[in-house]
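The values are calculated or read from the model by the stated rules, or taken from the named source; none is laboratory data. This is a predicted model, so every value here is computed, not measured. Here the Cβ positions follow ideal geometry from the backbone for every residue, glycine too, while neighbour counts run over all protein chains shown. When the accessible area is computed, the model is the full protein with side chains, heavy atoms only, and any ligands, DNA or RNA have been set aside. Shrake-Rupley method; radii C 1.70, N 1.55, O 1.52, S 1.80 Å.
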Amino acid sequence: MSSIHQELVNIVGEDYASNRREELFTYSKDLGTSQPLWPEYVVAPKTTDELQAVVRLANETKTPIVPLGGGMTLAGLALPQQGGVIIDLKRMDKILEVNEQGRYMVVEAGISHGKITSYLKKNHPNLMHSEPGAPPAATVGGNLAIHGQGDLAHPYGFNTDMVNGLEVVLPTGDIARFGSCAVGSGWYTMHPLPDIGLFLGWNGATGIITKVSLKLYPCKKFRENNMFVVENEEFVPDVLFEISHLGMAEDLIATSSEIPPMMNRLHYISIINTGDSEEELEFKRHMTFDVQLAKYIRNGVGGIVSLYDERSRPQVSKSADWKKGGGFEYVGAIVPVSFYPECYRRGSEISGRHFIPYTVLGRVIGSCHSMMFSWSYAFNRADDATVKHARDALHETDELVMELNGTIWKPAIFGQKLMLERMDPGALRLMKEVKKILDPNGIMNPGNWEVD
Amino acid sequence: MNLMEYKYKDMIHRCFRCGYCKFPTDWSDITNCPPYARFRLESYSTGGRLWLIRAWLNGELEWSPNLANIVYSCVGCKNCVEKCPHSFNDDVVNMIIAAKTAMVDEGKIPKAVGEFLTNVQLHGNPYGMAAKRREDWMEGLNLEPYKGQEFLFYVGCEGSYDTRAQGAARATAKLLQQAGVSFGVLGSQEISDGNEVEMMGEDALLEDLAKKNIKMFTELGVKKIITLSPHSYNVFKNRYPDFGGEFQIYHHSQILANLLKKGLIKAPEQADARITFHDPCFLGRWNEEYSAPRKVLAAIPGAAFAEMGRNKKGALCCGGGAGNFYTDFLGGSEDSPARIRAREADEAKANILAVACPNCLTMLEDAVKVEGLEDKIKVRDISEILTA
Amino acid sequence: MYELKFDPDLCMACDTQDCLVKCQHMDIDQEAARTEILKLAGGEDSFVLRDCVTCYACEEYCPNGNHPFYLIVKMQEELGMFPLPDPLVKSGVQVGIPFRGEPVIDEMEGTALNMGVFSPLLGRVAGSKLFEGLPIISHDSRKMFHYFCQLMYLHYGKTSVINERLDGIIQTLAAHGAKEIVHFHDECYGTYTSYAPAFGIEVPFKSIHLFEFLYNRLLELKDEIRPLGYKVVYQRPCSSRLSSDKHPFVAKIFDLISVEYMDREYKDENAMCCGATILGQKKEGSRVYCAEIQKKNIDDMKKAGGQICVFNCPACMQTLGMPVSKAGIMPLFMSDLCRLAIGEKVG
Ligand SMILES: Cc1cc2nc3c(=O)[nH]c(=O)nc-3n(C[C@H](O)[C@H](O)[C@H](O)COP(=O)(O)OP(=O)(O)OC[C@H]3O[C@@H](n4cnc5c(N)ncnc54)[C@H](O)[C@@H]3O)c2cc1C
Ligand code: SF4
Ligand code: SF4
Ligand code: SF4
Ligand code: SF4
């Protein structure tokens, strides 16, 4: 038994530290097309104390550590590029506080989004948080570490814009807090000081998020998915702009895909409207369709597909199995909404070249300030050729995003390099400095956002 | 065994490892796959297990005792089947059972599993106890051996041998007597039903037991069977027909609900009782019977009833299925499923944790003790509550 | 290509012009009705093409067996005046494209049950005594579009799509070998007994309306019927206008299973459509109009005192099921009601 393993066992107990092949195998793979990368140890701490001890041990022994939440990025971001210890954070999943009037909740960062939604629904039905469209096992910490966006993206922006306070374990094992909680007050605001940009979106390369105060938002009693369709992709940005002008939709997503045929070469815009009463909903339907989008209907170029449908948790991962193959991966890009048509056209070409039915989606972030546009590529896990096609398509798409002057969201290592190549030198230098100061031994998820 | 011979070779790679199957119906936590709740490492989740099985069959990974433990830690609770959103969801648990079969075929199984299977094979019960002792539970009850009565009361191994589960067997038998039901028992003739051995992948032994039982039942002229255990209920109802055994099968909860409805038995008043119910997987998710035991409990005058957060389709298994009440891969921790369940009963402010399965009964009673809740919560089979 | 058999002479001689005069969605007198229908018959434009909400009703109103509705749809397409916006038409046309493999042709003889595109509702019929012994066509929802009767495209101004695809569908159905087919949905029944003959499309099997089948089956099971006693209203679907001769079976079934068939304004010939297709129509105000008629429809059910609203069409059920139950009335398929009547449980 290696001494690091023994130390880990001493910290978390025998059940939650492993260097057995089966555990290492499991953590060497993620759901996407990445090649396996093997860790040497896996550990699952329960408390911040345990986590600190693990990080200290790693820092002293200069062992790389990779924080892991749900492991759902698909992009291999929690695979150990340089071996070391995977820290599975999902046991750190307590709900510490809900402040109903102040509309925030404090949670441990390893908590799943599914658990939060369920808890609020049961205990605070008038409050909600922004749940990403990922499988519900995705964690709060992991999502913040990649600047995720969820079902409140249209009104309120990125999930990282919805943080009211943060606790982080630094690469040294020390703890730092940000926001009002840092001065010993409650967790009710992030501002005025200090700033937290050092941890959000960094793939855990600067520290491990342990506690988060999440902003909560009004949750209306009724929520319906109103679906609009256009054929001409050039209309999509304007349709989104028109709806966004109302400022009423809770979520705004445009999709198109080759399968099922009903979606092929058509663009479906899902408008989530909400209300506490039928009157409120009808008012929103009226403003959306009879006013804002009326011109499209009148001209016969846009149509209401359905109203009144209940919104349910998306089971996006089903698309992983279109080809009975159990896998898909996507490139997400943050782009202006006006890019939709080009992104769609070029994306469906890439898909075509790789014999993958195209699937694209754009989710509005903020009042059309930007959009997360994704190109999904399905593959058959049991067929290497299809995996390779998907991987190649992903790389081509990363390059496409750069060519279009977009930014890649949660890029895999390949995409991170593309981004860093184009990075403003001043920003690049600062990133390097920050990393050096915070993580002098380079143990934190090394390989990610690494400036040479 | 290699992948090509595996029954689900065209399916097993389709698991995306998306983890929907970690949740209960209400999404309240990621801990509804018992082994994952216990160990919280991805290898113990449904998806992790499926990927490991595939890697083993593929030759990517060698067999190891740890691999076998991971596979055998699946208790067959079917939560994954319930929650997996993909079209192959019905077969998720079958893929795991088939892997156990592959391990049995190669003789590469954990020691405790081997003991269990050998005991069943040699002694007709997992405890390795003498057939004679099967009658211990009947002492003083004046029961008739089965000889053409309307029902056969099939008690099963736990109810026959386990000193705690015997209480449920006795209570059920008394209620049937009170109600004047015409029934008989097999006594020392009874042998294991085979449900667990199937869940542990020992197909041949299941077939052997099923054929023996069917032969015995048929020779005795059995038409209708009441089972104490949902495990027996499941295998009799769903698997025996494959071997030519067609009987009318009732779980004791269904019979008791019916007797109460007809007024043939009366539930005693229990004014201070606050009851919660733990759904057994082989009655619930496997056979979709959620109402009969609840009807029984609803008939108790004065008692209050409270559901635990996770119930019915979303119930967390006690961790005793697929032989784990004996092999105990999930024991020894405050995160053992039975202990989580005991705390949930406490959160529901129950003072009686009702069960309808001898496995659940023993698992949960032990858990309540370890949790130090025994002064607050009594674990009782529904039949025991009716005879209180 | 198949041509609609429409006889303008019948219209000339017609003394009611009921087709348009009775239309619930247009206010038109007899004189104007004659002019407009003859315009259409002569291939000319008419405001009817714009104002028609495609409720199918005129097909029943015509006392002379002419096909005014098919004519309207045909002309909408010929003059490019589609009632729905283009992307909805495209999406609709693409919905019917099968994409999950070829159907498995299991041979059967005698009478079979055709689920059409409603294979997902199989659970409602499978295992019921009512359908005992009937082999089922289109039981696999992945393959169901191979059995799609296509008549939905009447709402889309697309007789061309129907005419293009129907032959293949008929062949697939016929390949199973059943001589008689009971259609679960009366839209299928209408396709093979009304639309196909009107366009001269040959159908090699005999079609049986679900209601007629249920009625006869219930007669066979008479001893098992237990009077239900509910007060029921019936939501008549648009496609039932193509088989008005079978509509009386609604009352006959209700009578047989002893439910009280409540009088309401929107009954029989005066039935009001569920509005599903109107929602997305191009014509200004369609969304609001759809909401209005849905509300009227449900208010009418309430006023009639219905405890149960019986549906035959899954699309109507999807559109109105929820608001109906919110109004305190239980939505139920006819087949489920019949199952209840013979003591079966419905989920
Ligand atoms: C079908 C599907 C749909 C998706 N849809 C969306 C969507 O709509 N919106 C969206 O935002 N995402 C989406 N995703 C992407 C991704 O699943 C989510 O962003 C998810 O929230 C990531 O969280 P995780 O816990 O799985 O992170 P992980 O994959 O575990 O980790 C992500 C990164 O953060 C690091 N990390 C993990 N935890 C911490 C921590 N506590 N502190 C610091 N660093 C940490 C990891 O090392 C890794 O680099 C989707 C994914 C799938 C498979
Ligand atoms: S079994 Fe189903 S739900 Fe579970 S990880 Fe696999 S694909 Fe996902
Ligand atoms: S059957 Fe139960 S224990 Fe086994 S993998 Fe599925 S959820 Fe886990
Ligand atoms: S279609 Fe029928 S009702 Fe209309 S005018 Fe012609 S014959 Fe008369
Ligand atoms: S289909 Fe309906 S709306 Fe159209 S003309 Fe005929 S009756 Fe009027």
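Things to note:
- Members of the range B:254-277 that are open to solvent by less than 30 Å² (accessible area, probe 1.4 Å), under 21 Å from residue B:378 (Cα atoms) and not in a loop (DSSP other than H, G, I, E, B): B:256, B:275, B:276, B:277
- Unique residue being closer than 21 Å to residue A:129 by Cα, surrounded by fewer than 19 Cβ atoms within 10 Å (Cβ to Cβ) and of a type in the set (Asp, Glu) when the list is A:276, A:238: A:276
- Hits in the range A:275-313 - residues which are at pLDDT below 95, out of contact with any Ser or Thr (no Cβ under 9 Å at 6 or more places or on another chain) and part of a loop (DSSP other than H, G, I, E, B): A:312
- Tallying residues that are open to solvent by 30 Å² or more (accessible area, probe 1.4 Å) and either assigned to a loop (DSSP other than H, G, I, E, B) or within 12 Å of ligand 4 (Cβ to nearest atom) (or both) within the range C:32-59 yields 10.
- Among all residues of the range A:193-213, there is none that is open to solvent by 40 Å² or more (accessible area, probe 1.4 Å), over 22 Å from residue A:432 (Cα atoms) and part of a strand (DSSP E or B).
- Taking the listed residues C:202, C:187, the one that is of a type in the set (Asp, Glu) and within 30 Å of residue A:298 (Cβ to Cβ) is C:187, with no other qualifying.
- Residues being part of a helix (DSSP H, G or I), more than 28 Å from residue A:186 (Cα to Cα) and open to solvent by 40 Å² or more (accessible area, probe 1.4 Å) are entirely absent from the range A:80-102.
- Of everything in the range C:270-296 that is assigned to a helix (DSSP H, G or I) and touching a helix residue (DSSP H, G or I) at 6+ places or on another chain (Cβ under 7 Å), the residue that is farthest from the other protein chains (Cβ to nearest Cβ) is C:294.
To keep it simple, each residue is scored yes or no on (1) in a helix (DSSP H, G or I); (2) closer than 14 Å to residue A:115 by Cβ.
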| position | (1), (2) |
| --- | --- |
| B:4 | yes, no |
| B:8 | no, no |
| B:17 | no, no |
| B:25 | no, yes |
| B:28 | no, yes |
| B:32 | no, yes |
| B:48 | yes, no |
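- Selection status of residue C:100, within 14 Å of chain A (Cβ to nearest Cβ), within 11 Å of ligand 5 (Cβ to nearest atom) and open to solvent by 10 Å² or more (accessible area, probe 1.4 Å): no
- Only residues that are of a type in the set (A, V, I, L, M, F, W, C), part of a helix (DSSP H, G or I) and open to solvent by less than 10 Å² (accessible area, probe 1.4 Å) were counted across the range C:175-212, and they come to 5.
- Selection status of residue B:83, within 11 Å of chain A (Cβ to nearest Cβ), of a type outside the set (Phe, Trp, Tyr) and surrounded by fewer than 20 Cβ atoms within 10 Å (Cβ to Cβ): no
- From the list C:71, C:121, the lone residue that is more than 16 Å from ligand 2 (Cβ to nearest atom), away from chain A (no Cβ under 14 Å) and buried (at least 22 other Cβ atoms within 10 Å of the Cβ) is C:71.
- Residue match in the range A:98-115 (condition: of a type in the set (Ser, Thr, Tyr) and either under 30 Å from residue A:441 (Cβ atoms) or within 11 Å of ligand 1 (Cβ to nearest atom) (or both)): yes
- Residue A:414 meets the conditions (1) part of a helix (DSSP H, G or I); (2) surrounded by 15 or more Cβ atoms within 10 Å (Cβ to Cβ); (3) modelled with pLDDT under 95 in every case but one. The failed one is (3).
- Residues of the range A:11-36 that are farther than 22 Å from residue A:53 by Cα and open to solvent by 50 Å² or more (accessible area, probe 1.4 Å): A:21, A:35, A:36.
- Residues considered: C:142, C:226, C:241, C:165. Of these, the only one that is touching a residue at least 24 places away in the same chain (Cβ under 8 Å), of a type outside the set (A, V, I, L, M), open to solvent by less than 20 Å² (accessible area, probe 1.4 Å) and not in a strand (DSSP E or B) is C:241.
- Residue match in the range B:316-339 (condition: open to solvent by less than 10 Å² (accessible area, probe 1.4 Å) and touching a strand residue (DSSP E or B) at 6+ places or on another chain (Cβ under 7 Å)): no
- Scan of the range A:348-394 for residues that are within 16 Å of ligand 2 (Cβ to nearest atom), among the small types (Gly, Ala, Ser) and outside any loop (DSSP other than H, G, I, E, B), ordered by number: A:378
- Matching residues, the range B:9-43, being more than 7 Å from chain A (Cβ to nearest Cβ) and either more than 26 Å from the chain's Cα centre (by Cα) or at pLDDT below 95 (or both): B:9, B:10, B:11
- The lone exception for residue A:353 - which of (1) within 18 Å of residue A:267 (Cα to Cα); (2) at pLDDT 95 or above; (3) more than 18 Å from the chain's Cα centre (by Cα) it fails: (1)
- Test: residue in the range A:11-23 that is touching a Phe, Trp or Tyr at 6+ places or on another chain (Cβ under 9 Å), part of a loop (DSSP other than H, G, I, E, B) and of a type in the set (Lys, Arg): no
- Flag if residue C:24 is away from every other protein chain (no Cβ under 14 Å), more than 14 Å from ligand 5 (Cβ to nearest atom) and among the polar types (S, T, N, Q): no
- The number of residues in the range A:11-27 being more than 7 Å from chain B (Cβ to nearest Cβ) and closer than 15 Å to residue B:55 by Cα comes to 1.
- Meets criteria (over 18 Å from residue B:11 (Cβ atoms), touching an Asp or Glu at 6+ places or on another chain (Cβ under 9 Å), open to solvent by 10 Å² or more (accessible area, probe 1.4 Å) and not acidic (Asp, Glu)) for residue B:89: no
- Candidate set: the range A:254-298, residues that are more than 9 Å from every other protein chain (Cβ to nearest Cβ) and among the basic types (Lys, Arg); chosen: the one farthest from residue A:309 (Cα to Cα): A:295
- Of residues in the range B:120-137 being in a helix (DSSP H, G or I) and open to solvent by 30 Å² or more (accessible area, probe 1.4 Å), the one nearest to ligand 4 (Cβ to nearest atom): B:121
- Any helices (runs of 4 or more DSSP H) falling wholly within the range B:296-388 and containing at least 2 residues that are basic (Lys, Arg) and within 30 Å of residue A:45 (Cα to Cα): B:337-347
- Of all residues making up the range B:278-295, the number that are assigned to a loop (DSSP other than H, G, I, E, B) and open to solvent by 50 Å² or more (accessible area, probe 1.4 Å): 1
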